[in-house]
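*Asks:* The structure follows.
All of the numbers you see were taken from the coordinates with simple rules; none came from a lab. Since the model is a prediction, treat every value here as computed from it, not as a measurement. Ideal geometry is used to build each Cβ from the backbone, glycine not excepted, and the neighbour counts take in all protein chains shown.
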Amino acid sequence: MADNIYSKTEVVGTSEVSVDEAVKGAIRRASQTIREIGWFEVSEIRGHVENGEVAHFQVTVKIGFALEDTKS
């Protein structure tokens, strides 16, 4: 069995509903262009407040994925 090599990238997800939806949206969108996603890590959570209420959630998500073998 060969050793795997991994990389990480960072994306920011947003949602008016919840932190959970912001994370899921970030992963969902990243998976459209990144193959072999294996894990994620939320590194920051921010929000926007309007009239004393949380109006928007923003999360920075680090996404880990396996690099593909280039051998044919």
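*Asks:* If a residue has to be exposed (fewer than 10 other Cβ atoms within 10 Å of the Cβ), in a strand (DSSP E or B) and not acidic (D, E) to count, how many in the range 37-62 make the cut?
*Replies:* Matching residues across the range 37-62 total 1.
*Asks:* Let me ask another. Go through the range 4-31 and report how many residues are under 12 Å from K62 (Cα atoms), in a strand (DSSP E or B) and either out of contact with any helix residue (DSSP H, G or I) (no Cβ under 6 Å at 6 or more places or on another chain) or of a type in the set (A, V, I, L, M, F, W, C) (or both).
*Replies:* Count: 6.
*Asks:* Please name all residue pairs, on different chains or six or more residues apart, with Cβ atoms under 6 Å, provided the first residue is in the range 25-53 and is more than 11 Å from F65 (Cβ to Cβ) and the second residue is loosely packed, with under 12 Cβ neighbours inside 10 Å.
*Replies:* From residues that are more than 11 Å from F65 (Cβ to Cβ), the pairs are H48/A55.
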